[in-house]
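Since the structure comes first, as structure tokens, the remarks are kept for the end.
Derivation of every value follows stated rules applied to the coordinates shown; laboratory data play no part. Just so you know, these numbers come straight off a predicted model, no measurement behind them. Positions of Cβ are backbone-derived with ideal geometry, glycine not excepted, and every protein chain shown enters the neighbour counts.
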Amino acid sequence: MELGERPQAQVGPLDLTAFLCELAMLVLLAMTGVAAMDSLLGRVLVAVALPAAAAGIWSVWMAPTSRRRLANPSRLYAQITLFAVVGTTAGLLLGWLVGAAFFVVSAVVFAERCRRELRAT
């Protein structure tokens, strides 16, 4: 390894699934924003604002590179809460099956990541 080079992190299927859950959260929030409003301007504003708010929360307290990243299990509690809010909102506006499926898959994936992280330390 050369000077200034970072070691390559191992990315497994669980990490990929977690990343897809994060992307799904942003997509669901945008779709929820569109479904929540009647006017075109309102739809656009809410469809941008909801994912931006979630991304902001995620980047401050949950992102791997954040300086203020929460430690587990507190981070897991915050993630589950965010997934519950997104799942409930999506369930109300897009259909209960969509919201429930998102919440269950995301909660299980991130709980397993937390379990593995705590076990490794």
*Computed over the chain: relative contact order in percent, which uses C-alpha pairs under 8 Å that are six or more apart*: 25 percent
*If you take the beta carbon distance between Arg43 and Leu118 as r and set R0 to 41 Å, what does 1/(1 + (r/R0)^6) give as a FRET efficiency, to the nearest 0.05?*
0.50
